[in-house]
Amino acid sequence: MKKILPYLIFFLVLNFSFLSGQNNPNYPEPDKGMKRVDLKLPKIENDKDYKVEIKFAMEMEVSECSEINDFSFNIKNLEEKYAIAPYRFPYYVLPKEIPVDIISLNKQSDCDKSKKVKKKVLSSQNIFKEYNGHFAIPFYIPEKWTVEYRLWKVTSEFKNAVL
């Protein structure tokens with residue numbers, strides 16, 4: 001028994017250290033030209049009653065006459081990865097060079113198009129996630145982008161659609 005005890009203790013310590021390491025995600029460092037933004041949601045009561053809408057934003061210098069409300073990109077470029085395989089601690093990655101589409105309309109024909117203003121423009125894609133106030137959700141995005149969110153209160157009651 002005395003010969004087995006050191007092996008048993010070693011096995012238990014090794015097993016415990018392996019299991020405790022499985023709860024600490026190891027996220028990669030951002031590439032050059034990218035940044036990591038951790039979306040940490042506030043703690044609220046009844047978190048099952050909420051959804052999170054996530055959008056990306058960038059600040060642009062646009063003509064004072066233009067009416068730019070949003071920009072779009074291919075949402076398939078937003079890649080979901082996991083810090084601990086296979087499906088624990090998700091994080092999201094956009095490519096550094098991601099093409100965006102911007103449609104600019106002019107408000108008036110008599111305004112000065114050469115006058116520039118800075119404007120925050122949100123992405124047109126709606127990304128909805130379950131509310132999670134316990135863990136931050138990391139996003140790896142281009143340096144000039146930001147992550148914006150808002151909370152939506154939902155009810156669990158479904159209603160019949162009327163013909």
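Tabulated data
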{"quantity": "Amide proton proximity set for residue 67, modelled H, under 5 Å, gap of 5+", "calculated": "105, 106, 107"}
{"quantity": "Placed amide H near residue 40: partners under 5 Å, 5+ positions off or other chain", "calculated": "137"}
{"quantity": "Table column - 3J(HN,Hα) (Hz), segment 47-58, Karplus curve with 6.51, -1.76, 1.60, x for Gly and Pro", "calculated": "5, 5, 8, 10, 10, 10, 9, 10, 9, 9, 9, 8"}
{"quantity": "In order through segment 112-118: 3J(HN,Hα) via Karplus (6.51 cos²θ - 1.76 cosθ + 1.60), integer Hz, x for Gly, Pro", "calculated": "7, 6, 7, 6, 9, 9, 8"}
{"quantity": "Set of segment 29-50 residues, backbone N closer than 20 Å to the point 7 Å along the Cα-Cβ line of residue 151", "calculated": "38-50"}
{"quantity": "Carbon/sulfur fraction of accessible area - segment 72-163, other protein chains in place, 1.4 Å, %", "calculated": "53"}
{"quantity": "In sequence order, calculated HN-Hα J values of segment 31-39 (Karplus, 6.51, -1.76, 1.60; Hz; x Gly/Pro)", "calculated": "5, 5, x, 10, 9, 9, 10, 9, 7"}
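The values are calculated or read from the model by the stated rules, or taken from the named source; none is laboratory data. Owing to the predicted nature of the structure, the values given are computational and were not obtained by experimental measurement. Neighbour counts run over all protein chains shown; Cβ positions are idealised from the backbone, glycine included. Accessible surface is based on the protein model in full, side chains and every heavy atom, while ligands, DNA and RNA are left aside. Shrake-Rupley method; radii C 1.70, N 1.55, O 1.52, S 1.80 Å.
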